[in-house]
Amino acid sequence: MDLAAYRNSFPGTKLPLPAVKRLTKQTLLALEYLHSECKIIHSDLKPGNLLISIDDVEEALVADAAQEQTDLYPTRHDQTISDQPIVTVKSRPLISKDLKDDGSNIVVKLADFGH
């Protein structure tokens, strides 16, 4: 998920300052690596090109699943597929808002840096 999409998942609120500091530090370290080691200058730095993930993503997804009610399609019966009822779960975005207060579980990756 990019930073723009993640930010939009918190309407009317701001990201915690420690998380912003971590995002900024990781972004600057990534830019420094691109410049000094790869000899690449990122010329399109914007929230859509900052990919973020949560370090302990499995734990965050479990927390999301526990908080949200699962929506189901009506149960189907199709003997050609299974003799058991077929239960289909409606998809939904898995956007975890489970940021730690210090932002320590955020990982930043740069995208669209070309060369």
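Coordinate-derived values only; no laboratory data. Remember, it's a predicted structure, so these values are computed and weren't measured experimentally. In this analysis, Cβ positions are derived from the backbone assuming ideal geometry, glycine residues included, and neighbour counts consider all displayed protein chains.
If packing is taken as the average count of other Cβ atoms within 10 Å, what order do 22-30, 73-81 fall into, highest mean first?
Listed from highest to lowest mean packing, they are 22-30, 73-81.
Rounded, prolate or oblate: which one fits the range 6-47, using the alpha carbon gyration tensor with axes a ≥ b ≥ c (rounded when a/c is under 1.5, else prolate when a/b beats b/c, else oblate)?
oblate
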